[in-house]
Each structure stands twice: as structure tokens, then as C-alpha cells.
Amino acid sequence: MSGSAEARRYDAIVVGAGLSGLYSLHRLREQGLRVLVLEAADNVGGTWLFNRYPGARCDIESVEYSYSFSAELQQEWSWAELLPGQPEIEAYLNFVADRLDLRRDIRFDTRVVAMAFDEEDASWLVETAGGELFVAPFVVAATGILSAPLDPGIPGLDTFDGTVLFSNRFPREGFDLTGKRVAVVGTGSTGVQAIPVVAEQAEHLYVFQRSAAYTLPSPARPYEPGEFEGLRSRYDEIRAAQRVAHVGAARTSAFSVLVDMAGFPALRTASREERLRAVEERGVLGALYWSDVLVDPEAGRLATALYGEAVARIVRDPRTAASLVPTYPFGCKRPIIDVGYYETFNRDNVTLVDLRAGAIEEITPTGIRTAQGSYDLDVILFATGFDALTGALSRIDVRGRGGALLGDLWRDEGPVSYLGLQVAGFPNLFTIQGPGSPSAASNFLAAMEHHVEWIANCVAYLRDGGGSTIEALPSAQAEWIDEVLSFVTGSVLVHPDCNSWWNGANVPGKKRMYTTYVGGLPEYRRRCDEIAAGGDTGVRYSGFKIS
Ligand code: FAD
């Protein structure tokens, strides 16, 4: 990449106009910076623009999965649903973009393909797919942790005569599945959300399952008349509780089950009657709500067996019920919440294809051929996930000091980072929700707000005379990764059977490494803020080199 002379200069460039990029723009602009946002899509929203599949829904309550930095935004926006669906969040992010007049600094349909740090100029040269060049001393990568779709990698896909859909780029205008023979491939969060809705529309639904999911019934519902107005008047209290909550969500969320478990009795010492009563009263939740399930492997095994009994009480066909029971411990993946998932398998028009009994071999002009038989189809909907956490940035040619390529570093060393905010060797490049931060193990919105504020304060410090570059020290980065890993050593999160996007196991060839900080958002915030302030040493931004 060359030609910084012709490039346009800004004080900061933000890549991505999802909810992180929008707040980054607003915050940096408020500090008087000339900011440019480069966004590959034609609108704001990121995740909530692309993932328009039937049933797409947030797993955190709306009053907590929303910006807390502006009282005006909180008072002017009305949430209709407890756990908002994709259309409502997309509308909210468009409202925010308009209300804060953000669009004038966003360049849409502009994909960043390369970024190189110019050591002499202490700035980043950013190149787009259209060949445009931009320069800024600071880059904020707001490219998303779940925004780099994985190719299903099944031979014959282009020979299929029917329609191929992808959950993470579902058609804007929707797609009518009425009267169609539909396959949903994948039973992670997306598949679990989509399957009940697709089953209601399709003539027949075939669910292709490689690995069964633990999925918890969701309390998704519209707010009762007047209910949201009551909450709106209590935002201060809601935000205060959220701020001290381990996962950045104190109300209804996918994490509620994990947070609540400690208060229950131990499964290991419970009698058979107590276990069955729990399942009778609370269904699948009754199998998991025990204090020892996450900490004692034997209790974890008992919980999985009990979960199987709970599923068998819902799903009438015993073979299907057995196939729906996971073979890895509960807690090793982000909990999934669903609306009527297991009940869907009692419908006459739904067939579970358990791929453990015979994998997909190819896609043919008429459907999917597996080692256990062929299925004639009109539509295949892939819900096959993402190259998470590092995927979006690795797909950009990001070159730091000495021309080192970020993608190579992460491929060889795993997803290393200091605090999830910077990678050593890549000065002035800030990552929102980078590896080693609470990201995937938290309410993303709450964790993101902290990141944006930390970055904005750091940029203000540098511009106020603190220095022209900041970069993570390799030693601090190594110590941080050790600290992150120390939280999960011996836990279900590093169990050998736990293949998840959390540890990269879903991407062929990706280095397997768990790097999400699970020490809790309040403690993480405290650490980051202490590092910025200098703590006992008084040296600001310890672990970073400022020059
Ligand atoms: P994104 O929303 O992913 O936005 C990133 C933006 O960067 C995109 O617009 C993308 O086009 C752009 N971009 C990427 N690369 C480039 C490039 N090279 N050039 C230009 N632009 C680029 N989190 C929760 O806490 N709760 C949930 O319930 C939840 N549900 C989710 C459901 C789905 C289906 C997915 C995929 C994620 C979910 N998440 C959830 C995580 C979610 O990604 C975040 O909550 C949030 O939307 C991320 O915002 P973001 O702005 O950081 O990233």
C-alpha cells in the first residue's frame, strides 16, 4: 500500500457502523475529533442489519441491551419487547444514528481491505476495496466479534437447484417459506431461534444437527401495557444494578441461569426424588439449576443425564429426544435461549437429522445427501456461524510495526491481546471487544460502552500532550493472557469435548484457545481503569508504551 500523500486525513478512523462503531463515532466527535467511519454495508446496524433470519432475537432484556450513555436516548425510545427481536433493535440503531446525526460521518458501501502503520508519521494508512486511501493517527476497529460468516464448506453447494439462504445475510425483503421443503443446517443459537419459526411456515422442515445444544426456554414476550413506561422512569436504578452485575446484565438474560445457580442445592447429594421433582417443576431448567453443575464434573454429568430426562418429557419420539441431548458439559458455551424449540420436534412436519449417525456428504441439485440417506429440498438455510472474535480483523490486511500481519500473529500465537483493547506491535489501533476482554461472556452492549469510553479517554490523554503513540507491551500482553486463562483452568470452558466459537474450535485450522475474560465486567472495568490511571505506581497506562 502506498500513496499516503493523496490520502484524506482524519483524527480517527472507525471501521464498522454496528452499535460499537456508532458509539465510537459519537464519543470521539464529542471530544472534538474529525472522525470518519468506514462501513462495508449500506446502512448502520451490523449484526442487527445482517441477521434478519426468522426468529432472530436478543438474549438480554432491552432496557439493558441499549445505550446507557444518554438519558435523552433512553427517554425518547420506547421498547416494545422484553427480549427484543431483530427488527426492533435494527429500528433502535437507526433511531440512534439519526438522533445523534451520525450518518454524515459514515461512508457506507466501503469495505476496508488493508491498514498499515506508518512508523515515521505515527499514523495508519487505511485502504478500501474501491482503492481509496485515508490516514489517521488512531483507528478503532469496531468490526464485530460475530461478523465474519463461515463458509459451510460442503461440496456441491453451487449445484443446488433450489434456494440457498444464509442466516447472517438473510434477504432484506424476507423469504416466504410457505409450502417449501426446507433444511436448517446448524443448531447453535441461530438455528435454535429459527427452527420453531421456520417449522410454522414450511411444508416440511429437516433440521440437520451436528452437535446438540443446551437451550433454555426464553421469557420472550411483549411488555405489558404500561410496563415499559414504569421501567423508563427507573433507568437510573436499572443502570446502577447493571453496572455491578458480573455479566453486565442484572435483569432477564441468557446468563440468568448461570448467575442464579449458586443459590440452589447441590445435584450430587440430591435424592432421585428431588432431582425428578426439579425437572417436573421447571423442565430443562430443573436439570441445570444446581449449585455444583458448573464446578463439579460429576455433577455436570448428572445434569446432562437429567437434562435428557427433561427433554424426553417434552419430545414424544424417544429417538429424536435422545439425539437432542448434548454430549458436552453444560456451561461450556454461551447459554442459548429459545421459544418452543423442543416442542417443535413434536410437529408432524419436522424431522431431526442427527448427523452423528451419518454426516453430510454433498449437496446435490435436488437436496442434501448424507451418509444416512438423501433429502429432497426446495430451500437450504445455513445457520453455520462465524469465525468469531478475530475473524473480521484477520480478513483485513492489518500491518503493524515492521510490516507484521495481525492475521498471521493470531494464526500462529492464538488470539493474543492486552485487555482486548490493543495487540502488541500495532500501535494506536484499538479493538472493541478484542480477545481477552469480557465480550462473548457478557452483555455485549454494556462491555462495549466501557471499551469505547476507555479508548476515547486514552485518545484524549494522548492528544492533550501525553504522546503520539500508545502500544501494548508484549510482556503485559503475555501476563494478561495468563490471567485470562487462569480464570478458566480446570473449568468446563476448557473441557476437551467443548467445541465452540468461544475457543475457535468451530473454524478448521484455527488455533484452539479460550480467551474471553470471565472474571466479571465490574472487575474487568476496575482493572482497565486502574491501568489507565496508574494505580499505586502513578504511571499512567501501565503495560503500554507511550511515545
Ligand atoms: P457488529 O454488529 O458485528 O458490526 C460490525 C460492523 O463492522 C458491521 O456493520 C460490518 O459490516 C462492519 N465491518 C466488518 N469488517 C469490515 C471491513 N473490513 N470494512 C468495513 N466494515 C466492516 N450479543 C449480546 O450481548 N446479546 C445478544 O443477544 C446477541 N445476539 C446476537 C445475535 C447474532 C445473530 C449475532 C451474530 C451476534 C449477537 N450478539 C449478541 C453479539 C453482537 O454481535 C453484539 O451484541 C453487537 O451487535 C456487536 O456490535 P458491533 O458493532 O461490535 O459489531
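The values are calculated or read from the model by the stated rules, or taken from the named source; none is laboratory data. It should be emphasised that the depicted structure is a prediction, and the values quoted were computed from it without experimental measurement. All Cβ positions, even for glycine, are placed from backbone atoms using ideal geometry, and neighbour counts span all protein chains on display. Remember, those area values only see protein heavy atoms, side chains included, never the ligands or the DNA or RNA. Shrake-Rupley method; radii C 1.70, N 1.55, O 1.52, S 1.80 Å.
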Starting from the Kirkwood Rh over alpha-carbon pairs, what translational D in µm² s⁻¹ does region 275-361 have by Stokes-Einstein at 10 °C and 1.306 mPa s?
114 µm²/s
On a straight-distance basis, which lysines could pair with Lys180 in a cross-link, Cα separation under 29 angstrom, same-chain partners fewer than 8 positions away excluded?
none
Within region 23-52, which residues have the backbone N less than 17 Å from the label spot 7 Å out from Ala129 along Cα→beta-carbon, could you tell me?
38-47, 49-51
Which length gain, in nm to one decimal place, applies between Asp42 and Arg319 when the Cα-Cα distance is subtracted from 0.36 nm times their residue separation?
95.1 nm
Calculate the length of the line joining the C-alpha centroid of region 40-81 to that of region 248-303, in whole Å.
30 Å
Hey, quick one: spin label on Ala122, modelled 7 Å out along Cα-Cβ, who in region 435-475 has an amide N within reach, i.e. under 11 Å?
462-471
A correct Kirkwood calculation over the Cα atoms of region 396-547 returns a hydrodynamic radius in Å of 16.0 Å
Please state the equivalent ellipsoid semi-axes for region 359-464: what are the square roots of 5 times the Cα gyration tensor eigenvalues, largest first, in whole Å?
40, 18, 11
To the nearest 0.05, the calculated FRET efficiency linking Thr351 and Ala241 through their beta-carbon distance, R0 being 51 Å, is 0.70
Under a 1.4 Å probe, counting only protein heavy atoms, Trp290 has an accessible area in Å², nearest 10, of 10 Å²
Mind checking the full-extension length gain between Leu405 and Glu30? Use 0.36 nm per residue of separation minus the Cα-Cα distance, one decimal, nm.
131.8 nm
Over region 420-547, what percent of the accessible surface lies on carbon and sulfur atoms, probe 1.4 Å?
53 percent
Kirkwood-based Rg/Rh on the Cα set of region 205-340 evaluates to 1.02
For region 474-547, what does the convex hull of the Cα positions come to per residue, in cubic angstrom?
118 Å³
Taking the chain and dividing mean pair separation by its residue count, relative contact order in percent (alpha carbons under 8 Å, at least six apart):
19 percent
Which order do the peptides 84-95, 100-111, 47-58 take when ranked by the mean count of other beta-carbon atoms within 10 Å per residue, highest first?
47-58, 84-95, 100-111
Starting from the Cα gyration tensor of region 244-322, multiply each eigenvalue by 5, take the square root, and state the resulting semi-axes largest first in whole Å.
23, 16, 11
Residues whose placed amide H lies under 5 Å from that of Thr469, excluding near-sequence neighbours:
Ser547
A 1.4 Å probe over the protein heavy atoms gives region 8-108 a carbon and sulfur accessible-area percentage of 46 percent
Could you work out how far helix 235-244 tilts from the main Cα principal axis of the chain, as a 0 to 90 degree angle to the nearest 10?
90 degrees
By DSSP, what percent of the beta bridges with both residues in the chain are antiparallel, rounded to the nearest 5?
40 percent
No Cys partner within the rule (Cβ under 4.7 Å), the chain:
Cys58, Cys458, Cys528
What number comes out for accessible area per residue over the chain if the probe is 1.4 Å? Units Å², please.
40 Å²
Using Cα-only point scatterers and the Debye equation, what is log10 of I(q)/I(0) for region 24-120 at each q in 0.21 Å⁻¹, rounded to two decimals?
-1.17
Over all directions, the average projected area of the alpha-carbon convex hull for region 155-284 comes to how many nm²?
13.4 nm²
Virtual spin-label span in nm between Glu298 and Asp464, 7 Å along Cα→Cβ:
5.7 nm
The FRET efficiency for Asp161 and Ser547, from their Cβ-Cβ distance with R0 = 56 Å and rounded to 0.05, is 0.40
Rank by packing, highest mean first: peptides 294-307, 481-494, with packing defined as the count of other Cβ atoms within 10 Å averaged across residues.
294-307, 481-494
The alpha-carbon center of region 153-230 and that of region 448-478 are separated, in whole Å, by 41 Å
Report the Stokes-Einstein translational diffusion coefficient (µm² s⁻¹, integer) for the chain, Rh taken as the Kirkwood radius over Cα pairs, at 10 °C with viscosity 1.306 mPa s.
65 µm²/s
